[in-house]
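> Dropping a structure here in structure tokens format, bear with me for questions.
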Amino acid sequence: MARLRDCLPRLLVTVRSLLFWCLVYCYCGLCASIYLLKLLWSIGKGPAQTFRRVAREHPPACLSDASLGTHCYVRIKDSGLRFHYVAAGERGKPLMLLLHGFPEFWYSWRHQLREFKSEYRVVALDLRGCGETDAPIHRENYKLDCLITDIKDILDSLGYSKCVLIGHDWGGMIAWLIAICYPEMVMKLIVINFPHPNVFTEYILRHPAQLFKSSYYYFFQIPWFPEFMFSINDFKALKHLFTSHSTGIGRKGCRLTREDLEAYIYVFSQPGALSGPINHYRNIFSCLPLRHHMVTIPTLLLWGEKDAFMEVEMAEVTKIYVKNYFRLTILSEASHWLQQEQPDIVNKLIWTFLKEETRKKD
């Protein structure tokens, strides 16, 4: 009997793990079936249109806009990967490091590059596998440990020991992890539309609505098919993400110009350009929840209330994981793409947070 009591906790953990992975793989299969039906429907309506793809040989002019900063490259010694970033502001000023989400690249921070260069060395990074940064082939190269190490190595290569760290969406996930694993590297943490990772994993299992909104996480576990679905109809799915009424940038904000949208399509239409970003998601279920999860640095969480992918309730729960000054600002009528949609408001909130003195919670 005593032996049974000793084994029971381990048995419960094993059963819970099995149920979790059953959920993951069953939902993967369901998502794949739904997208396959969408593909067949598209082919049935017009096969020529489905497989149409416009040749894009030259980048839009906005990607070389000198007012956004200078395009730079750095090669990391340990991994051997070459990272691309755009930097604005004088060298020697405090570092502000910007981490983009999916499906984005450095350009999603164009409004912040212009805004904060007066007082910071602002660096908008292309994450591993994204934009002009090198993209390893194997999915194992995109584990969260690798992504965290990338940021640490980038800081070292730039000659900094700490930074103001800002992340949006998937970049927000990485920003949380950096703050947890290397708090000495972060002066202040700013996350846009992504909750603490543990909040996300716990909430998604208990709330079917969030499970549905996060269906792309499960769909991305499937090899090559997600990349193919994004590319059909001349990247219609990518355009839909940014412009549709349900998921796109809100009507009350700064909408993407035609050139802005073309910049995204150009970058992700390059050979193999979708595999790296999607590979980020193909390791997530083996890495969460976290063993160490407390954040001990001042934190600002900004949230668009009309986010089509993240339930706003997760933002409120996040504060229990921050054992320091924590400020949450929820912008009504704002979408998931907050720093692009409401740049003036977001920049003002960031300035306020950076200027104010913050004190640790008791």
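> Which condition number in (1) open to solvent by less than 30 Å² (accessible area, probe 1.4 Å); (2) of a type outside the set (Asp, Glu); (3) in contact with a helix residue (DSSP H, G or I) (Cβ under 6 Å, 6 or more places away or on another chain); (4) without any contact (Cβ under 8 Å) to a residue 12 or more places away in the chain is the one that TYR218 fails?
The single condition TYR218 does not satisfy is (4).
> Give me the pairs, please: first residue somewhere in segment 194-206 and more than 14 Å from GLY171 (Cα to Cα), second residue anywhere and among the hydroxyl-bearing types (Ser, Thr, Tyr) and assigned to a helix (DSSP H, G or I), beta-carbon distance under 6 Å, and either six or more positions apart or on two chains.
VAL199/THR318
> Right, another one. Taking ARG114, is it at pLDDT 95 or above, open to solvent by less than 20 Å² (accessible area, probe 1.4 Å), under 22 Å from the mean Cα position of the chain (by Cα) and among the basic types (Lys, Arg)?
Numbers: at pLDDT 95 or above: yes; open to solvent by less than 20 Å² (accessible area, probe 1.4 Å): no; under 22 Å from the mean Cα position of the chain (by Cα): yes; among the basic types (Lys, Arg): yes.
So ARG114 fails the test.
> Among the residues of segment 232-254, how many are farther than 29 Å from ASP134 by Cβ and either without any contact (Cβ under 8 Å) to a residue 12 or more places away in the chain or out of contact with any helix residue (DSSP H, G or I) (no Cβ under 9 Å at 6 or more places or on another chain) (or both)?
3
> So which of TYR27, TYR85 ends up being touching a helix residue (DSSP H, G or I) at 6+ places or on another chain (Cβ under 7 Å) and at pLDDT below 95?
Of TYR27, TYR85, the one residue that is touching a helix residue (DSSP H, G or I) at 6+ places or on another chain (Cβ under 7 Å) and at pLDDT below 95 is TYR27.
> Next question, about the same structure. Can you tell me which residue among ASP156, ASP134 is farther than 22 Å from LEU302 by Cβ and either without any contact (Cβ under 8 Å) to a residue 12 or more places away in the chain or under 11 Å from the mean Cα position of the chain (by Cα) (or both)?
Only one candidate passes the filter, namely ASP156.
> Here is a check on your reading of the model: is THR201 of a type in the set (Ser, Thr, Tyr) and in a loop (DSSP other than H, G, I, E, B)? Please lay out each step first, then the result.
Values: of a type in the set (Ser, Thr, Tyr): yes; in a loop (DSSP other than H, G, I, E, B): no.
No; evaluated as a whole, the condition is false for this residue.
> Still on this structure: Across segment 299-344, which residue is surrounded by the most Cβ atoms within 10 Å (Cβ to Cβ) among those that are part of a strand (DSSP E or B) and polar (S, T, N, Q)? Reasoning before the result, please.
Looking only at segment 299-344, we keep the residues that are part of a strand (DSSP E or B), and these are 299-304, 322, 326-331.
If we keep only those that are polar (S, T, N, Q) too, we end up with 299, 329.
Details: THR299: 27, THR329: 14.
Taking the candidates together, the pick is THR299.
> Give me the pairs: first residue in segment 88-99 and without any contact (Cβ under 8 Å) to a residue 60 or more places away in the chain and within 15 Å of LEU155 (Cβ to Cβ), second residue open to solvent by 10 Å² or more (accessible area, probe 1.4 Å) and among the acidic types (Asp, Glu), beta-carbon distance under 9 Å, and six or more apart or on different chains, which are they?
Every condition considered, the pairs that remain are LYS93/GLU119.
> Output the residues belonging to segment 239-259 that are surrounded by fewer than 20 Cβ atoms within 10 Å (Cβ to Cβ) and part of a helix (DSSP H, G or I).
Within segment 239-259, LYS239, HIS240, THR243, ARG258, GLU259 meet the criteria.
The values are calculated or read from the model by the stated rules, or taken from the named source; none is laboratory data. Everything numeric in this text was worked out from a predicted model, so none of it was measured. Because the Cβ atoms are built from the backbone with ideal geometry, glycine has one as well, and the counts that use them run over all protein chains shown. Ligands, DNA and RNA are excluded from the accessible area calculation, which covers all protein heavy atoms including side chains. Shrake-Rupley method; radii C 1.70, N 1.55, O 1.52, S 1.80 Å.
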